[in-house]
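These notes are about the structure you will find just below.
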Amino acid sequence: MKSLQQSVLITGVSTGIGRSTAELLCQKGYHVIGSVRKIEDASALQAQFADSFTPVVFDVANEKDVFSCADELMNRISTPLVGVVNNAGIALGGPILHLDVSTFRKQFEINVMGVLSVTKAFMPWLQRSRKAGHRTRIINISSVSGKRTYPFMGPYSASKHALEAISDALRKELMLYDIGVVIIEPGPINTPIWDKAPDPQKNIFIGSDYEHSLRRFNKLIIQKGKAGFPPIDVAKLILKALEAKRPKTRYVITPNRLIHFTLPGLLPEKWVDRLTAKALHLFPAIKNKI
């Protein structure tokens with residue numbers, strides 16, 4: 001167990017992976033600084049974790065608030081900051097032809113621009129901690145969707161592909177300051193994010209050419225997501241990435257990894273396309289009748 005001598009910032013700790021990670025790190029003796037968007041969530045978490053937790057209220061998409069909060073915390077908290085876990089994110093999706101560009105913009109504002117704002121805002125504190133001799137890490141929560149793109153997940157997958165590229169560039173650039181960058185790529189994890197998927201019985205895509213395929217998607221993908229790994233499994237991996245002397249550049253954690261992650265990266269892309277189209281009934285109607 002660590003004493004309260006090291007702090008870790010985790011964004012998006014109200015539910016899911018963020019909350020599980022905050023709880024685990026508090027148990028391990030870290031001082032956790034956790035961001036939420038609602039004051040009531042901050043109060044509940046403070047009551048649960050007491051002195052080992054400092055809640056902060058900001059939206060990662062609000063750059064001004066993020067930088068202001070970082071400055072205030074660095075001046076108020078004396079413990080070194082040894083980790084930034086960029087976990088906050090949303091998942092938006094649907095057939096690209098039926099989505100407004102604003103959907104992509106909102107997705108990127110949170111999943112990409114938010115990560116950049118938080119990372120830049122807390123970098124001076126990380127640098128100060130590294131100069132004082134503490135091992136420091138930035139851990140970005142990406143997704144298997146950052147490597148494998150599926151239909152109807154265009155906005156989300158695009159944001160995670162962007163996060164992968166930014167993380168790879170940042171990892172190389174921060175070698176100058178000896179600050180590590182690690183990517184965590186979860187597959188289906190049983191978190192509330194799946195409950196926010198469009199209702200298959202009532203959504204804006206009903207009546208479109210994709211209605212039937214979206215119902216298949218909900219059955220095959222969304223329901224499997226709700227039966228995915230518990231978030232504590234990802235939290236344990238984040239702890240490993242934070243404490244390992246020589247962590248990997250990225251960690252993949254997903255059920256049935258061989259089938260759902262490894263093979264799609266090895267097989268010819270057109271094979272994968274056809275298998276996906278067959279599963280979701282995305283072939284032209286004339287072929288679906290054969």
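Here are the numbers:
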{"read-out": "Cα centroid separation - the range 204-225 against the range 145-188, whole Å", "value": "26 Å"}
{"read-out": "Dimensions in Å of the range 98-137 - Rg and Dmax from alpha carbons", "value": "15.7, 52"}
{"read-out": "Dipole in debye (nearest 20) - the range 96-146, about Cα centre, beta carbon charges: Lys, Arg +1; Asp, Glu -1", "value": "480 debye"}
{"read-out": "Structure-derived percent of Cα pairs over 35 Å apart - corresponding label in [x] 21; [y] 29; [z] 16", "value": "[x]"}
{"read-out": "Computed E for V57/M113 - FRET, C-beta separation, R0 25 angstrom, nearest 0.05", "value": "0.85"}
{"read-out": "Straight-distance crosslink candidates among aspartates and glutamates, where the alpha carbon sits under 13 Å from K248 and sequence neighbours closer than 8 are dropped", "value": "D168, E185"}
{"read-out": "Of N75, N87, N140, the one that fluctuates the most in a GNM where the chain has Cα springs shorter than 10 Å", "value": "N75"}
{"read-out": "Nearest-ten-degree value, helix 114-131 long axis tilted from longest Cα axis of the chain", "value": "30 degrees"}
{"read-out": "Electrostatic dipole magnitude of the range 7-258 [Cβ: Lys, Arg +1; Asp, Glu -1; Cα centre; debye, to 20]", "value": "900 debye"}
{"read-out": "Extension gain, K240 back to Q5 (0.36 nm per residue minus Cα-Cα distance, nm)", "value": "82.8 nm"}
{"read-out": "Student exercise, the range 1-103 dipole from Lys, Arg, Asp, Glu Cβ charges, in Debye to nearest 20", "value": "320 debye"}
{"read-out": "Potential extension, D178-T276 segment - 0.36 nm per residue separation minus Cα distance", "value": "31.1 nm"}
{"read-out": "FRET efficiency estimate (nearest 0.05) - Cβ-Cβ, A169 to T103, R0 30 angstrom", "value": "0.70"}
{"read-out": "Q46-I232 FRET efficiency (beta carbon distance; Förster radius 25 Å; 0.05 resolution)", "value": "0.75"}
{"read-out": "Kirkwood Rh and Cα Rg combined as Rg over Rh, evaluated for the range 8-116", "value": "1.03"}
{"read-out": "Aspartates and glutamates with Cα under 19 Å of K131, excluding same-chain neighbours fewer than 8 positions away", "value": "D71, E173, D178, E243"}
{"read-out": "Of K172/K245; K28/K120; K106/K172; K106/K147; K240/K270; K106/K202, those spanning more than 25 Å from alpha-carbon to alpha-carbon", "value": "K28/K120; K106/K172; K240/K270"}
{"read-out": "For the range 7-258, with +1 on Lys and Arg beta carbons and -1 on Asp and Glu, the positive-most of L97, S145, S208 along the dipole", "value": "S145"}
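No value in this document is a laboratory result; all are computed from the given coordinates. Note that the structure is a prediction, hence the values are computed from the model and not measured. In this analysis, Cβ positions are derived from the backbone assuming ideal geometry, glycine residues included, and neighbour counts consider all displayed protein chains.
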